[in-house]
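Single-structure report; data block below.
The values are calculated or read from the model by the stated rules, or taken from the named source; none is laboratory data. If you're wondering where the values come from, they're calculated on a predicted model, not measured in any experiment. Counting neighbours? That spans all protein chains shown, and the Cβs are built from the backbone with ideal geometry, glycine included. Each accessible area value is taken on the protein alone, full model and side chains, heavy atoms only, with ligands, DNA and RNA left out. Shrake-Rupley method; radii C 1.70, N 1.55, O 1.52, S 1.80 Å.
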Amino acid sequence: MKKFLLILCMFLILPVFADTMPFYMESIPKNSIGMYQTDDSITIYSHPDSNSDIIKKFDFSYKPETMPDNVFALLINDKKLGFLYVSDIGDDGWVEVIYDKISGARGWVLTKDRFQFLPWLSFYNMYGRKYGLRFLKDVPDELEVLRAKSEDLSQSVAVLRYVKQIRLTAIRGNWALVSVVDIDQTPKTGYLKWRDTDGVIYAFPNIK
């Protein structure tokens, strides 16, 4: 009994970690076109017009215990770095975001600068180059392959089963030119498919 109470007390005093990261293919909506970086607060409108109805307001403390569930596509509280999926763009800096990942609810936000909305290619070039990439956990084995060219039928350079690091050099359409360090510690360079033609994402920036 004492041992159980000790374990329970240790569990209760452990810090709460509410960081969010996509780990599975289905967690990234196929119709998403990029990411919107959040501020300390955001106002979500029904239409791309500040005179339209306000659907939702969020104030973010970036303290794990107060952050809302099912809102963020990606969230690192310590860095105050949060992103929502973007599903559409309007005129004059308006973007449509998914603010509830369970229901798929959407609304419009007004960006403050050109870097607040990052289309996928810009997001990968910014964060993929900095942090590298990682395969999502449910990617089929046949896709964890490095190829000589950015083509499905191109020669296989390496099968990537125990990847330690994937450094991104360039994005070319649905392919990424990368340098990979595998379990044998020998760097290999080639192309991996980070996304398919239907918008399903296989590899995501390994943001930390």
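Return the pairs, sorted by first residue and then second, in which the second residue is assigned to a helix (DSSP H, G or I) and open to solvent by less than 30 Å² (accessible area, probe 1.4 Å), the first residue lies in region 109-123 and is within 15 Å of Phe204 (Cβ to Cβ), the beta carbons are less than 9 Å apart, and the residues are 6+ apart or on different chains.
Leu118/Tyr124; Leu118/Tyr127
I'd like to check something: does region 59-69 contain any residue that is part of a helix (DSSP H, G or I), open to solvent by 80 Å² or more (accessible area, probe 1.4 Å) and touching a residue at least 12 places away in the same chain (Cβ under 8 Å)?
Looking for residues that are part of a helix (DSSP H, G or I), open to solvent by 80 Å² or more (accessible area, probe 1.4 Å) and touching a residue at least 12 places away in the same chain (Cβ under 8 Å), one finds at least one in region 59-69, hence yes.
Considering only region 70-91, state which residues are assigned to a loop (DSSP other than H, G, I, E, B), of a type outside the set (A, V, I, L, M) and closer than 26 Å to Gly199 by Cβ.
If we filter region 70-91 for residues that are assigned to a loop (DSSP other than H, G, I, E, B), which is where we start, we get 70-73, 80, 90-91.
With the extra rule that they be of a type outside the set (A, V, I, L, M), the set shrinks to 70, 72, 80, 90-91.
Scanning region 70-91 gives Asn70, Phe72, Gly90, Asp91.
In region 176-195, what residues are at pLDDT 95 or above and either within 17 Å of the chain's Cα centre (by Cα) or open to solvent by less than 20 Å² (accessible area, probe 1.4 Å) (or both)?
Within region 176-195, Ala176, Val178, Gly190, Leu192, Lys193, Trp194, Arg195 meet the criteria.
Looking only at region 156-175, count every residue that is among the hydroxyl-bearing types (Ser, Thr, Tyr), assigned to a strand (DSSP E or B) and within 23 Å of the chain's Cα centre (by Cα) and tell me the total.
Step one: list which residues in region 156-175 are among the hydroxyl-bearing types (Ser, Thr, Tyr), which gives 156, 162, 169.
Of the ones still in play, those that are also assigned to a strand (DSSP E or B) are 156, 169.
Of the ones still in play, those that are also within 23 Å of the chain's Cα centre (by Cα) are 169.
Summing the residues that are among the hydroxyl-bearing types (Ser, Thr, Tyr), assigned to a strand (DSSP E or B) and within 23 Å of the chain's Cα centre (by Cα) in region 156-175 gives 1.
Only one of (1) touching a Phe, Trp or Tyr at 6+ places or on another chain (Cβ under 8 Å); (2) in contact (Cβ under 8 Å) with a residue 40 or more places away in the chain; (3) open to solvent by 50 Å² or more (accessible area, probe 1.4 Å) fails for Val163. Which number is that?
Val163 satisfies every listed condition except (2).
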